[in-house]
Amino acid sequence: MARFNPRARRLVSEVFPAAILEESYGERLRYKIPQQDVGSLSKGFSEMEAAKQRLGMEEYSLSQTTLEQVFLRFAKEQEMGS
């Protein structure tokens, strides 16, 4: 596990309490942030930017789910339900 993951995970859970870790690969973490946490998005950006140097993060990004991702998730759920 990457050395920054525990601190980065703790930061994300503090900034976005309802965030769900969907993927962890090396030093990369990918979270799903439920709609209820979107109201704190500007706070999230400022806290992530402040922590970037402190935690030694190279980069971070926040993006909306694409229509393709929604479709693939729906198709996967349907396949698993069958």
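The values are calculated or read from the model by the stated rules, or taken from the named source; none is laboratory data. Just so it is clear, the structure is predicted and the values come from calculations on it, not from any experiment. Quick reminder, even Gly has a Cβ in these numbers, built from the backbone with ideal geometry, and neighbours come from all protein chains shown.
Of note:
- When the stretch 13-32 is filtered for residues that are over 15 Å from G56 (Cβ atoms) and hydrophobic (A, V, I, L, M, F, W, C), the ones remaining, listed by number, are V15, F16, A18, A19, I20, L21.
- Hits in the stretch 10-66 (condition: part of a helix (DSSP H, G or I) and either in contact with a strand residue (DSSP E or B) (Cβ under 8 Å, 6 or more places away or on another chain) or of a type in the set (S, T, N, Q) (or both)): V12, S13, Q35, Q36, S40, S42, S46, Q53
- All positions within the stretch 2-44 that are at pLDDT below 80 and farther than 26 Å from R73 by Cα: A2, R3, F4, S42, K43
- Within the stretch 56-74, tally of residues that are of a type outside the set (S, T, N, Q) and closer than 17 Å to L41 by Cβ: 2
- If you filter the stretch 18-57 down to residues that are among the acidic types (D, E) and surrounded by 13 or more Cβ atoms within 10 Å (Cβ to Cβ), you find that the one that is farthest from P6 (Cα to Cα) is D37.
- Residue ID - farthest from A19 (Cα to Cα), chosen from residues in the stretch 39-64 that are within 14 Å of the chain's Cα centre (by Cα) and free of Cβ contacts under 8 Å to residues at least 12 places away in the same chain: E59
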